[in-house]
């Protein structure tokens, strides 16, 4: 079969963060390549900020914060559940996106939007409807091809695929907890065994941005004590120019990030973080100077917060970790992975170490602030390749070549299925009757026929599920599936996945092929009365032959009864002929010892073997002549093959890079 066409697209992972925004790019055709970070205004990430200056229009990132003469400023406007349907907020988002797209085009980092797939992250708790609303907003902003994906999935995928990751496949097969700490929320992703990938994720409105807000409030309190006049002027400025307040919040964020990058450097108020901002347009100028050092930060993390229902950030984060731990199937995760820029805060690692003391490993990836962007880019490529892989497997499953392959090999399956049916006829109808006659519990040979007739009415006329499964498995593994590999191996090569992933041999395919245990099976046509007569006549002939031939001499060495039988047989043969004697013998009650002499185990097995061959041939003819059943059997097998291939595709997806 021909290779499936996979569209060649540029994929951009767009991590629209509350605090910062970052973008990563990868090609759908660049197998196993690492997503590269795109630059906006010469930086890999920019503060999520949008400003407007009449002479310049919309500005984003650092330009929005540092350009003078702006008339509006927006920061931290990542779409959230509470503002997703706000038209005013949507307009801010659209302006921000349009400006970003313009910068990307102008810098040559994207060419045609038609050839670009944007994968944008969303909080884990969003519904499908909310993600759809978000996608429509982004499309209206200029992203023509858009996919909105959970940020938690992006974190997991980057962890799995990144060559710089500190974890291996064996560790990912254990109980894994991924914690993505952003400015607006913290997302938890629980993964139990990577292969099955049952992921449960839940998000909490517990972002590091809350810390910045407390820093801001405490700075105002500090000014109230030390510089009350400046505070009054500053608050008046905030009312008249709200964007100045947002600039102060940005200063608090920068101060927080500086502190947690080297916390041991800022040991006292005398050696605090330098993150002040001076408003020189005011006369005299006012300086907003956040006071951030070790003891102060400990106080900030321990203060009750209204947004957290009176809990401190530290206690709320600890409670969230405990909640995540309680969601695990066992006592806790084997592996904890921290992502997101806020994961750099040492308090995060400290609390995780305390709560997850039993974890084998707690890691924070390299450049955690770019994890989501890179993971989103990986999602885009993986999904494109996954769709291609699924289309390739669907093409195989629905192909006339596969249908023909199965139909051509059905006769071989029928041949193997006839064996257990023939065995059922022999073991449950013919053998018991012959053994009853030999043991003297059937009086004459003529009693064998009605006994077999009675027994055959109780036959199931079906193959036991266990036997059918074994026969079908053997047929699949030895006859059909090795040839199916000729179809799947090229797909594995195209998508760079191990051949074994799509190898169906030794998979449980037989279960569910219901038609195989209910073949066309007409017992009356298989064990006919004339067939039974042939068996009894054959036994009578053996007796006559033994009495009249060389073997029969042995009868005269038996007790007087055997000699009498021999004498009687001899007289009948002389007067009436062998055929008449045979019929007479079939109606005679012969003594037990003679029956065992006539039908020893070796002779019994020989007779049964001949009958088994006849039955097997007859069963095969019955099944082969029923075109409706043959068609249903082929359809059942094709359906199970398709289900098995689809199941394996879900596992194969884990290998796509």
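Values in this text are rule-based calculations from the coordinates and carry no lab data. If you're wondering where the values come from, they're calculated on a predicted model, not measured in any experiment. Cβ placement follows ideal geometry from the backbone for every residue including glycine, while neighbour counts extend to all protein chains displayed.
So for 339, 479, 536, 111, fewest C-beta neighbours within 10 Å to most, what's the order? Please report the intermediate quantities before stating the final value.
Values: 339 30, 479 14, 536 22, 111 11.
Sorted ascending by nearby Cβ count, the order is 111, 479, 536, 339.
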- Message: Once you place label points 7 Å from the Cα toward the Cβ at residue 36 and residue 505, how far apart are they in nm?
- Response: 4.3 nm
- Query: Taking the Cα centre of each part, how many Å lie between the range 202-231 and the range 330-388?
  - Reply: 28 Å
- From the Cα gyration tensor of the range 329-430, with a ≥ b ≥ c the square roots of its eigenvalues, which class applies: rounded if a/c is under 1.5, or else prolate if a/b is larger than b/c, or else oblate? oblate
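Applying 1/(1 + (r/R0)^6) with R0 = 56 Å to the Cβ-Cβ distance of residue 81 and residue 415, what FRET efficiency is obtained, to the nearest 0.05? Could you put the intermediate results ahead of the total?
Numbers: r = 63 Å, r/R0 = 1.13.
The formula returns an efficiency of 0.30 here.
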- Using a ≥ b ≥ c from the Cα gyration tensor of the range 204-357 (square roots of the eigenvalues), is it rounded, prolate or oblate, where a/c under 1.5 gives rounded and otherwise the larger of a/b and b/c decides, a/b for prolate? prolate
- For the range 54-113 and the range 234-271, distance of Cα centres in Å: 22 Å
- Message: I need the shape label for the range 293-354. Rule: rounded when a/c is under 1.5, else prolate if a/b > b/c, else oblate, with a, b, c from the alpha carbon gyration tensor.
- Response: oblate
- Message: With both bridge residues required to lie in the chain, what share of the DSSP beta bridges run antiparallel, to the nearest 5%?
- Response: 65 percent
- Return the distance in nm (one decimal) between the two label points of a simple spin-label model at residue 650 and residue 68, each offset 7 Å from Cα along Cα→Cβ. 6.2 nm
- Note on the structure: Mean separation of Cα contacts under 8 Å (at least 6 apart) over the residue count of the range 209-308, i.e. the relative contact order in percent, is 29 percent
- Message: Can you give me the C-alpha center-to-center distance between the range 418-486 and the range 638-653, rounded to a whole angstrom?
- Response: 34 Å
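Quick check: residue separation of residue 609 and residue 274 times 0.36 nm, minus the Cα distance between them. What number comes out in nm?
Values: separation 335, 0.36 × 335 = 120.60 nm, distance 9.77 nm.
Residue separation times 0.36 nm, minus the Cα-Cα distance, leaves 110.8 nm.
Listed highest first by mean packing, meaning other Cβ atoms within 10 Å per residue, what order do 252-259, 17-24 come in?
On the way: 252-259: 22.5, 17-24: 25.0.
Taking the mean over residues of other Cβ atoms within 10 Å, the ranking is 17-24, 252-259.
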- Using alpha-carbon coordinates, inclination of helix 371-397 to the longest axis of the chain, degrees: 30 degrees
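Using the beta-carbon distance between residue 238 and residue 91 and R0 = 35 Å, what value does 1/(1 + (r/R0)^6) give for FRET efficiency, to the nearest 0.05? Could the numbers behind the result be given before it?
Numbers: r = 23 Å, r/R0 = 0.65.
The value I calculate is 0.95.
Pull out the extension gain between residue 136 and residue 265, defined as 0.36 nm times the separation in residues minus the alpha carbon to alpha carbon distance; nm, one decimal.
Values: separation 129, 0.36 × 129 = 46.44 nm, distance 4.65 nm.
So the chain would gain 41.8 nm between residue 136 and residue 265.
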- Item | Using alpha-carbon coordinates, inclination of helix 529-548 to the longest axis of the chain, degrees | 50 degrees
- Taking the chain and dividing mean pair separation by its residue count, relative contact order in percent (alpha carbons under 8 Å, at least six apart): 14 percent
- Message: I need the calculated FRET efficiency for the pair residue 354 and residue 127, taking r as the beta carbon distance and R₀ as 35 Å, to the nearest 0.05.
- Response: 0.55
- Mind ranking 93-99, 234-240 by how tightly packed they are, going by the mean number of other C-beta atoms within 10 angstrom, highest first? 93-99, 234-240
- Item | On Cα atoms only, tilt of 400-425 relative to the major axis of the chain in degrees | 40 degrees
